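First, the structure itself, so that you have it in front of you.
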Amino acid sequence: MLAAAASGDNAAVQDILLKHIGAVNERSTTGRTPLMACAHAGHMEVMRTLLSAGADPSAQDGTYHTSALMLACASGHHECVNLLLSSGDAASIT
């Protein structure tokens, strides 16, 4: 799931979610989620899919306590930032 999200492969993300809905919030060994991976890379379509499937926008990685919002901001993906801000309380995802 993480690789599909990071590469922007929305079809693969949807396929994985159909088979294993729990994959929406799976974590890498550093605590990165699929939503964080696609926010960092700027993949809007995948972000919409993950958020619709229940991805947690307030999740933080285990290394730097970075959220999807922080990664989208740092990477300059303004549309991703706006999507994340509109998906929930901005204070809970910073």
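Given the criteria within 17 Å of Gln14 (Cα to Cα) and in contact with a Gly (Cβ under 6 Å, 6 or more places away or on another chain), does His43 qualify?
yes
Which count do you get for residues in segment 15-41 that are open to solvent by 20 Å² or more (accessible area, probe 1.4 Å) and at positive phi?
Of the residues in segment 15-41, 0 are open to solvent by 20 Å² or more (accessible area, probe 1.4 Å) and at positive phi.
Another question, then. When you check His78 against the structure, is it modelled with pLDDT of 95 or more, open to solvent by 40 Å² or more (accessible area, probe 1.4 Å) and over 16 Å from Ala6 (Cα atoms), yes or no?
yes
Also, quick follow-up: Could you figure out which of (1) modelled with pLDDT of 95 or more; (2) within 12 Å of the chain's Cα centre (by Cα) isn't true of Asp15?
So Asp15 meets the others, but not (2).
Let me confirm something: among Ser67, Ser87, which residue is of a type in the set (Ser, Thr, Tyr) and under 11 Å from the mean Cα position of the chain (by Cα)?
Going through Ser67, Ser87 in turn, the sole match is Ser67.
Right, another one. Of all residues being touching a Leu at 6+ places or on another chain (Cβ under 6 Å) and in a loop (DSSP other than H, G, I, E, B) in segment 35-91, which is farthest from Ile21 (Cα to Cα)? Just the residue, please.
Among residues in segment 35-91 that are touching a Leu at 6+ places or on another chain (Cβ under 6 Å) and in a loop (DSSP other than H, G, I, E, B), the one farthest from Ile21 (Cα to Cα) is Ser87.
Can you name the residue in segment 42-75 that is in contact with a Cys (Cβ under 7 Å, 6 or more places away or on another chain) and more than 15 Å from Val24 (Cβ to Cβ) and is also surrounded by the most Cβ atoms within 10 Å (Cβ to Cβ) among such residues?
Among residues in segment 42-75 that are in contact with a Cys (Cβ under 7 Å, 6 or more places away or on another chain) and more than 15 Å from Val24 (Cβ to Cβ), the one surrounded by the most Cβ atoms within 10 Å (Cβ to Cβ) is Ala72.
The values are calculated or read from the model by the stated rules, or taken from the named source; none is laboratory data. These figures come from a predicted structure and were not determined experimentally. For neighbour counting, all protein chains shown are included, and Cβ atoms are generated from backbone atoms with ideal geometry for every residue, glycine included. To get the accessible areas, we keep the full protein, side chains included, count just its heavy atoms, and leave off ligands, DNA and RNA. Shrake-Rupley method; radii C 1.70, N 1.55, O 1.52, S 1.80 Å.
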